[in-house]
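Data first, discussion second: the structure below is written as structure tokens.
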Amino acid sequence: KAGVTQTPRYLIKTRGQQVTLSCSPISGHRSVSWYQQTPGQGLQFLFEYFSETQRNKGNFPGRFSGRQFSNSRSEMNVSTLELGDSALYLCASSLDPGRPYEQYFGPGTRLTVT
Amino acid sequence: GENVGLHLPTLSVQEGDNSIINCAYSNSASDYFIWYKQESGKGPQFIIDIRSNMDKRQGQRVTVLLNKTVKHLSLQIAATQPGDSAVYFCAEKKAGGKLIFGQGTELSVKP
């Protein structure tokens, strides 16, 4: 069974640009969560999607948005990039939102903003 | 604000010794507490979880202890191996499903 895949793995953008990251969950998993990981702030929850609906949202500005498609694949978008957005963005999938302890993480997308 | 923190940022142990990684949490309204392991270049990997109504849970070479009185969570790894070297995160699942992670402890195992 293939794991969670994230594309691209690495990305370099400049300030003011926007970026879209993609996540394909494990087959059969319908819940997808996104996290931002930085050395200073650690792992911070961005949002969670289930059946194409956003169920939870973390404390991030509106520049961070996401969506989920009918096949459970998810994308997150960051507009007007800032230097502080440089981070590892992790996607995790689970069968349903009530079982986060069964979340499986992807390898992440390393975003560098210059 | 919401915070789940770790007592020790780094821990170095000898191969074969037992390791104990600690975590303090501030929010009592949590359903689950979870430990994750993150190796370099990889995403976090689930190790073990414990419900908030339990005190102890054992897995393969790992034990999680939950002390709700002092809001303390610990992960014990028996007979630590070089493959256990990684960053370990505790996390709590709040009502509604949101996971709050601690800052992480780096475990280094000396051969």
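The values are calculated or read from the model by the stated rules, or taken from the named source; none is laboratory data. All of these numbers come straight from a predicted model, not from anything done at the bench. Cβ coordinates were reconstructed from backbone atoms using ideal geometry, including for glycine residues, and neighbour counts include every protein chain displayed.
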Here the residues within region B:80-105 that are more than 11 Å from the chain's Cα centre (by Cα) and either at pLDDT 95 or above or of a type outside the set (A, V, I, L, M) (or both) are B:80, B:81, B:82, B:83, B:84, B:85, B:86, B:93, B:94, B:96, B:97, B:98
Can you pull out every residue in region A:23-55 that is in contact (Cβ under 8 Å) with a residue 24 or more places away in the chain and over 20 Å from residue B:89 (Cα atoms)?
A:23, A:24, A:25, A:26, A:27, A:28, A:29, A:30, A:31, A:49, A:50, A:55
Look through A:73, A:15, A:30 and report the one residue that is over 12 Å from the mean Cα position of the chain (by Cα), among the basic types (Lys, Arg) and under 26 Å from residue B:39 (Cα atoms).
A:30
Region A:47-63, residues that are more than 15 Å from residue A:4 (Cβ to Cβ) and surrounded by 22 or more Cβ atoms within 10 Å (Cβ to Cβ)
A:47
Consider region A:99-114. How many of its residues are on the phi < 0 side of the Ramachandran plot and in a loop (DSSP other than H, G, I, E, B)?
5
Could you go through region A:47-58 and let me know if any residue there is modelled with pLDDT of 95 or more, within 22 Å of residue A:80 (Cα to Cα) and touching a strand residue (DSSP E or B) at 6+ places or on another chain (Cβ under 9 Å).
no
Suppose we filter A:101, A:35 for residues that are modelled with pLDDT of 95 or more, within 22 Å of residue B:101 (Cα to Cα), crowded, with 17+ Cβ neighbours inside 10 Å and not small (Gly, Ala, Ser); which single one remains?
A:35
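Residues checked against (1) hydrophobic (A, V, I, L, M, F, W, C); (2) closer than 18 Å to residue A:111 by Cβ:
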residue	(1), (2)
A:12	yes, yes
A:28	no, no
A:42	no, yes
A:47	yes, yes
A:57	no, no
A:61	no, yes
Matching residues, region A:84-98, being part of a loop (DSSP other than H, G, I, E, B), more than 8 Å from every other protein chain (Cβ to nearest Cβ) and touching a residue at least 60 places away in the same chain (Cβ under 8 Å):
A:95, A:96
